[in-house]
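For reference, the structure is listed below as structure tokens.
The values are calculated or read from the model by the stated rules, or taken from the named source; none is laboratory data. In this text, all values refer to a predicted model and were calculated from it rather than measured experimentally. Here the Cβ positions follow ideal geometry from the backbone for every residue, glycine too, while neighbour counts run over all protein chains shown.
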Amino acid sequence: MKTKLILLTTLSFIVLLTMSTYAYADTVILPHRVIDARTHTVIDFEGLLARCSEAQVVTLGEQHDDPGTHAIELALLEGLYRYHPNVILSMEMFERDVQEVVDNYLAGNITEEEFLLNSRPWGNYDTDYRPMVQFAFENGLPVVAANIPRPLAARVGELGLNMSIFDASEMPPPDVVFEAPRDAYFDLFSETMTMMGAAHGAGMPMTDEMIWGLYQAQVIKDEMMAASVSVASRENPGSIVYHVAGAFHLAGFLGTFPRIERNLPGVDAVSILAYPVDDLMEIPNDLDAADYWILVQAPPAEEEMEAAPETEAAPETPAAPPSEE
């Protein structure tokens with residue numbers, strides 16, 4: 001889910017903005033700005049890395065369909081490893097029941113083909129998430145399959161949020177709390193679902209009952225991801241758990257983030273939201289939704305690309321040979 005953006009007219013803020021790019025190893029990302037939301041100032045990427053390297057948990061809320069967001073989250077993983085090699089990558093994009101498959105791939109016990117066949121990767125895995133998993137593979141970093149299996153989430157949506165929906169082979173970690181409070185998170189979720197239903201036309205109205213079922217399924221995802229992060233942090237003292245998930249699970253310090261803090265009292269956790277913008281002078285209207293924002297240059301709209309004049313193509317750089325896996 002995307003957070004609304006507006007332009008701030010505060011001149012003192014805009015004067016501080018400086019455009020930057022970041023490159024590490026073979027990763028090059030688009031122009032971006034890093035905003036420290038606590039101080040309303042712009043910092044460089046290295047400053048963000050320095051702060052994150054001191055934390056126990058770092059969360060990044062991404063836009064699933066944005067290439068710049070994915071490039072920045074890879075750069076953050078690479079940078080964290082450079083500062084603090086004991087990094088654990090936690091991902092919404094893999095479900096807890098494939099953890100053994102993930103572990104076997106990272107250990108070199110199975111091929112990538114076998115890994116993909118048995119881990120149910122998302123449709124955009126090759127372009128957007130494989131680079132992070134491969135970085136973990138090449139550098140010996142653990143990867144946590146953090147999310148609840150989809151059939152279980154669907155069962156919660158149908159039958160409600162309670163322990164009885166799990167059988168002995170599916171038991172959740174002890175950190176999971178079976179509660180779905182009607183709080184600010186519920187209000188935001190309900191508003192978003194209502195708008196989505198309206199966008200699909202009058203033929204698909206979102207009833208209160210439907211929204212409540214979907215919300216319970218959303219909460220169990222947050223509970224499972226928070227538990228996965230918490231267990232990884234407790235079992236690996238001195239590590240940084242870097243958790244990547246959709247922004248809706250983390251924005252506003254709602255969803256997964258407060259559940260991590262509940263499970264790990266006193267934890268030093270940093271919340272980051274990454275968001276594509278057409279104009280890097282845009283500033284989020286809800287800066288307090290995270291500790292840091294990373295604004296990335298959005299790709300040009302299709303109509304802009306079609307209208308652009310043709311130019312002579314630059315010589316292609318020979319591709320590097322694939323790494324041995």
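Tabulated values for the structure
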quantity: Residue match in the range 252-262 (condition: among the acidic types (Asp, Glu) and out of contact with any strand residue (DSSP E or B) (no Cβ under 7 Å at 6 or more places or on another chain)); calculated: no
quantity: Leading residue by the ranking (farthest from Leu60 (Cα to Cα)) among those in the range 229-259 that are of a type in the set (S, T, N, Q) and in a loop (DSSP other than H, G, I, E, B); calculated: Asn236
quantity: Count of the range 40-74 residues which are assigned to a loop (DSSP other than H, G, I, E, B), more than 22 Å from Gly255 (Cβ to Cβ) and either polar (S, T, N, Q) or touching a Lys or Arg at 6+ places or on another chain (Cβ under 7 Å) (or both); calculated: 1
quantity: Qualifying residue in the range 130-150 (condition: of a type in the set (A, V, I, L, M, F, W, C) and over 20 Å from Leu60 (Cβ atoms)); calculated: no
quantity: Asn104 vs. criteria without any contact (Cβ under 8 Å) to a residue 60 or more places away in the chain, over 22 Å from the mean Cα position of the chain (by Cα) and in a helix (DSSP H, G or I); calculated: yes
quantity: Candidate set from the range 171-213 (those that are at pLDDT below 90 and either on the phi > 0 side of the Ramachandran plot or touching a Gly at 6+ places or on another chain (Cβ under 7 Å) (or both)); member that is surrounded by the fewest Cβ atoms within 10 Å (Cβ to Cβ); calculated: Gly201
quantity: Answer residue from the range 260-313, given it is of a type in the set (Gly, Ala, Ser) and in a helix (DSSP H, G or I) and is modelled with the lowest pLDDT among those; calculated: Ala307
quantity: Search result, residues across the range 75-101 that are closer than 19 Å to Glu235 by Cβ and in a strand (DSSP E or B); calculated: Val87, Ile88, Leu89, Ser90, Met91, Phe94
quantity: Subset of the range 160-172 [part of a loop (DSSP other than H, G, I, E, B) and more than 14 Å from Gln216 (Cα to Cα)]; calculated: Phe166, Asp167, Met171, Pro172
quantity: Matching residues in the range 150-179 - criterion: being free of Cβ contacts under 8 Å to residues at least 40 places away in the same chain and either of a type in the set (Gly, Ala, Ser) or touching a Lys or Arg at 6+ places or on another chain (Cβ under 6 Å) (or both); calculated: Ser164, Ile165, Ala168, Ser169
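Quick grid of which residues meet (1) within 14 Å of Leu273 (Cβ to Cβ); (2) surrounded by fewer than 22 Cβ atoms within 10 Å (Cβ to Cβ); (3) not aromatic (Phe, Trp, Tyr):
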{"residue": "Ser53", "(1), (2), (3)": "no, yes, yes"}
{"residue": "Val57", "(1), (2), (3)": "no, no, yes"}
{"residue": "Asp66", "(1), (2), (3)": "yes, yes, yes"}
{"residue": "His84", "(1), (2), (3)": "no, yes, yes"}
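Here is a yes/no grid of residues against (1) part of a helix (DSSP H, G or I); (2) aromatic (Phe, Trp, Tyr):
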| site | (1), (2) |
| --- | --- |
| Met132 | yes, no |
| Phe135 | yes, yes |
| Ala146 | no, no |
| Ala154 | yes, no |
| Glu158 | yes, no |
| Pro174 | no, no |
| Ser190 | yes, no |
| Thr194 | yes, no |
| Asp222 | yes, no |
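For (1) touching a residue at least 24 places away in the same chain (Cβ under 8 Å); (2) surrounded by 24 or more Cβ atoms within 10 Å (Cβ to Cβ); (3) among the aliphatic types (A, V, I, L, M), each residue gets a yes or a no:
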residue: Pro237; (1), (2), (3): no, no, no
residue: Phe248; (1), (2), (3): yes, no, no
residue: Leu254; (1), (2), (3): yes, no, yes
residue: Ala269; (1), (2), (3): yes, no, yes
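Yes/no per residue for (1) of a type in the set (D, E, K, R); (2) modelled with pLDDT of 70 or more:
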| position | (1), (2) |
| --- | --- |
| Thr3 | no, no |
| Ala25 | no, no |
| Val28 | no, no |
| Thr41 | no, yes |
| Glu54 | yes, yes |
| Ala75 | no, yes |
| Asp103 | yes, yes |
| Leu106 | no, yes |
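Residues are listed down the side, and each one gets a yes or a no for (1) of a type in the set (Lys, Arg); (2) in contact with a Pro (Cβ under 9 Å, 6 or more places away or on another chain); (3) in contact (Cβ under 8 Å) with a residue 24 or more places away in the chain; (4) closer than 30 Å to Leu152 by Cβ:
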position: Val34; (1), (2), (3), (4): no, no, yes, no
position: Arg38; (1), (2), (3), (4): yes, no, yes, no
position: Asp44; (1), (2), (3), (4): no, no, yes, no
position: Ser53; (1), (2), (3), (4): no, no, yes, no
position: Gln63; (1), (2), (3), (4): no, yes, yes, yes
position: Ala71; (1), (2), (3), (4): no, yes, yes, no
position: Glu78; (1), (2), (3), (4): no, no, yes, no
position: Arg96; (1), (2), (3), (4): yes, yes, yes, yes
position: Asp128; (1), (2), (3), (4): no, yes, yes, yes
